[in-house]
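Written below as structure tokens is the structure these notes are about.
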Amino acid sequence: MRRVLYILDMLSGIGGASHQHIGVLKHMDRSDIEAHFWCCQDGYLAQRLREARVPLVTEKLADALAFAPRNPLHVAQRILAYKQSLNHVRAYIKKNRIDLIHADYRCIPYASELGPSLGIPTVIHVRSEIYPETLMIKCLDKVDRVIVISHRLKDLLMQGGLSGEKAVVIHDGVDISRFKPKVSKHWNFYPEKRASGTIFVGLVGRIEPFKRQKEYLELALSLKNSGKNFHFFVIGTLRDERYFKEVMQFFSRNKMDSMVTFTGEVYGIEHILNNLDILVTLSGGSVVLEAMASGIPVVAAARPSPSGRSIIKDGVTGFLRGFDEVKELKKCLKTLADDPKLRKKMGAAARREAEEVFAMREVSRKTVALYDELIPVSRPLKKAA
């Protein structure tokens, strides 16, 4: 039995990263890997882990990356808090004879300090951009492997000085048994619009600048007089109140209530996707894979990868345009609205891609294969210190 401690600092609500951890755990051989979780916040993921009877600690860790105050006393207090948190995690690792640390990128300082000092391998999971000038890049040099969820992220880390041999691309995965093409009756907004042939378009994500909901509304407004009936859904809970007010001011000023619906936080995202015709994303995320598995074409504006690799195959599983080319998505949406056969063809291709490349069982297999390199199956258990 090999013991892996996952150190995670993420929001308490439902998010893509939470689903990824649950999915990987579900497909992992628990007679081989005993997963332990240290969650900095209680919430959806912690509750699911309790239900699965997984060893769990929910305790906030001091922010080791926030030593910015000019007041020396405040800096000293934060350093002290960090060291106290560090000792708590160290004690847990020793008591439970942990063989490997797998940490969220926000917890890089903890993993990079504890792994080398305790003589156990460490893995950092990077799900978003880390700029070269930050402390986190320096800490990555001290860990054994860095999992990144895209080739673009790997390219960025290598530009910052990380060895390409240390970075391993393991895409996020999707539960293809949960997300699949079907008609769901659990979520059925505007049946009269559906019956009249209105095209349902959705953007999923917490309402914050990173998800770019205002630009999505601008795109929706540009299609108001396109000759096609669209209805746009903004799916997700509030995260940034100031940005939300800005989005709602645009919504109200342009009188968009007849063509846009804000759903708020939702449960059962698979049912929502089953009732959409097209998913739009301006930021990426695991919802892209969930839409693909659901047989829905994805229209995206994303930053290009220097390696030229992308999850979305332009013209095959959806349409992909540049990060700053949101206006170009208007043509893509009109093309899909005009051609139901193309929507069906792209949706079928997206489903095949999800099955063959992004199934959660494959993500779990690749993750365990990485563990095998760092902690061989035959490795004897360490004695508790």
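The values are calculated or read from the model by the stated rules, or taken from the named source; none is laboratory data. Just so we're clear, the structure is a prediction, and the values are computed from it rather than from any experiment. So basically every Cβ, Gly included, is an ideal-geometry build from the backbone, and we count neighbours across all protein chains shown.
Here are the numbers for the structure shown:
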read-out: Residue count, the stretch 91-117 (criterion: farther than 16 Å from Tyr6 by Cβ and more than 26 Å from the chain's Cα centre (by Cα)); value: 5
read-out: Residue within the stretch 95-108 that is modelled with pLDDT of 95 or more, among the β-branched types (Val, Ile, Thr) and closer than 26 Å to Leu370 by Cα present; value: yes
read-out: Neighbours by Cβ (under 6 Å, 6+ apart or cross-chain): first from the stretch 210-230, under 13 Å from Phe200 (Cα atoms); second polar (S, T, N, Q) and in a loop (DSSP other than H, G, I, E, B); value: Asn229/Thr198
read-out: Test: residue in the stretch 73-85 that is at pLDDT 90 or above and either of a type in the set (Lys, Arg) or touching an Asp or Glu at 6+ places or on another chain (Cβ under 7 Å) (or both); value: yes
read-out: Neighbours by Cβ (under 6 Å, 6+ apart or cross-chain): first from the stretch 236-247, more than 13 Å from Arg212 (Cα to Cα); second assigned to a loop (DSSP other than H, G, I, E, B); value: Thr237/Arg206; Thr237/Glu265
read-out: Test result for Ala359, modelled with pLDDT under 95 and within 29 Å of Lys182 (Cα to Cα); value: yes
read-out: Residue, surrounded by the most Cβ atoms within 10 Å (Cβ to Cβ), within the stretch 347-372, restricted to residues that are charged (D, E, K, R), over 19 Å from Asn274 (Cα atoms) and without any contact (Cβ under 8 Å) to a residue 40 or more places away in the chain; value: Asp372
read-out: Complete set of residues in the stretch 261-317 that are at pLDDT below 95, part of a strand (DSSP E or B) and among the polar types (S, T, N, Q); value: Thr263
read-out: Which numbered condition Ala195 fails, given (1) surrounded by fewer than 18 Cβ atoms within 10 Å (Cβ to Cβ); (2) out of contact with any helix residue (DSSP H, G or I) (no Cβ under 8 Å at 6 or more places or on another chain); (3) hydrophobic (A, V, I, L, M, F, W, C); (4) modelled with pLDDT of 95 or more; value: (4)
